[in-house]
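Below is one structure, written out as structure tokens; comments come after it.
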Amino acid sequence: MRVIKRDRTHEAFDRRKLASSLAKACEKRSIGLVRLAQAVEEIANEIEINGSEITSAEIGGKVLERLREIDEVAYLRYASVHRRFEDVTRFVDEIHALGRHPKPNELQPELFPDKPNNGCI
């Protein structure tokens, strides 16, 4: 698997770099190492299925998808570097965009908010 970087150079895909960037975004957050390792594995599997080349921007997009699910602060940290925020306005816009996307685990309770469970799953 080859990664096409922003400057158009190519390098071999390295899971360690992926893990390092996720760890850096999640630094000082209460996110377990198992969860980070799982995210690295999921992203790497997606990347390897897609073919022999991928852009660093595509990898960054996949990282952002995972971080949005894991931790919003880590997501913002990574997004600020990946999307190269130039000013506070872009940062604030990204925070507002986060608020418009419900977390996956928040969707389930909204399906039937007024219906009792009645012992059914």
- Query: Spin-label point model (7 Å from Cα, Cβ direction): what's the Arg8 to Glu48 distance in nm?
  - Reply: 3.1
- Query: Near Arg2, within a Cβ-to-Cβ distance under 13 Å, what is the net charge of the other residues, with Lys and Arg +1 and Asp and Glu -1?
  - Reply: -3
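Every number here is computed from the coordinates shown, using simple stated rules; none is lab data. All figures in this text were calculated on a predicted structure; none of them were measured in a lab. Using ideal geometry, Cβ is built from the backbone for each residue, glycine included, and neighbour counts are taken over all protein chains shown.
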